[in-house]
1. Considering all alpha-carbon pairs of the chain, what whole percent are spaced by more than 27 angstrom?
2. Taking neighbour Cβ counts within 10 Å as the exposure measure, how do 60, 186, 45, 156 sort from fewest upward?
3. Where both residues lie in the range 3-203, what percent of DSSP beta bridges are antiparallel, nearest 5?
4. No solvent, one uniform scatterer per C-alpha: report log10 I(q)/I(0) for the range 139-208 via the Debye equation at q = 0.12, 0.15, 0.26 1/Å, two decimals.
5. Just rank 99, 4, fewest to most, by other beta-carbon atoms within 10 angstrom.
6. Along each of the three principal axes of the Cα atoms of the range 1-112, give the extent in whole Å, ordering the values from largest to smallest.
7. Hey, what's the Cα Rg ratio for the range 18-83 versus the globular rule of thumb, 2.2 N^0.38 Å?
8. What distance in nm separates the two pseudo spin-label positions at residue 54 and residue 167, each 7 Å out from Cα along the beta-carbon direction?
Amino acid sequence: MSQFYQIHPDNPQPRSIKMAADIIKSGGIVAIPTDSCYALVCRLDDKSAADRLRQIRGIDERHHLTLLCRDLSEVASYAKVDNRQYRLLKAATPGSFTFILPATKEVPRRLSHPSRKTIGLRVPDNRIVHALLEELGQPLLGSTLILPGDEDPLTDPDEICHRLKSQVDLVIDGGACSLVPTTVIDMSSDEPSLVRQGRGDASMFGLA
């Protein structure tokens, strides 16, 4: 049975954040609100939790999981970013974008795309997520909470708890989220390309 925490979206309670971080550290999968949709997250270096997350989502290793980072300094540790790309990332973060970038050697091979050696990264504009990342001291591994057979993400924490009560370890109620996922920008080649139009404004990359 999933635990259920109500956490204030603007002033996250430190005690609740610490308990949520402890669940993640112990191998748990947690449903969290973000600046776009709810997401499923787990510890970056926990293979068993990552495999469970993929099973819940019904996806294989060819589907990018995303690293949720505190800031651009963390992004540079896990992705190869040149000066031009860095300027674009700086203008768009934090925000509702996921960026596909070449993975560095810091990324476990099982987490990068098996043929392209790329990784999805984002810097969410959400205080609950930021507080969790600060408590953990490392990125979270995550994926938009869309269940197999569904077309839209889950956005209501009560529904998430009902449908995933035996599959996730914690649902964080930080209020309802958007139905619209992040905008995905592929920056793994010379010019950015639009993979998915979502909440983020792709026109800032000349891709509207």
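What follows is calculated from the coordinates using simple rules that are stated; it is not laboratory data. Values in this document were obtained by computation on a predicted structure and should not be read as measured data. Every residue, glycine as well, gets a Cβ built from its backbone with ideal geometry; the counts of neighbours run over all protein chains shown.
1. Values: 5123 of 21528 pairs.
In whole percent, the share of Cα-Cα pairs in the chain beyond 27 Å is 24.
2. Working: 60 8, 186 19, 45 11, 156 14.
Listed from fewest to most nearby Cβ atoms, that is 60, 45, 156, 186.
3. Working: 19 of 32 bridges.
Close to 60 percent.
4. Normalising to I(0) and taking log10 leaves -0.45, -0.65, -1.21.
5. With the fewest neighbours first, 99, 4 line up as 4, 99.
6. 45, 33, 21
7. Numbers: Rg = 13.1 Å, N = 66, 2.2 N^0.38 = 10.8 Å.
This ratio for the range 18-83 stands at 1.21.
8. 1.6 nm
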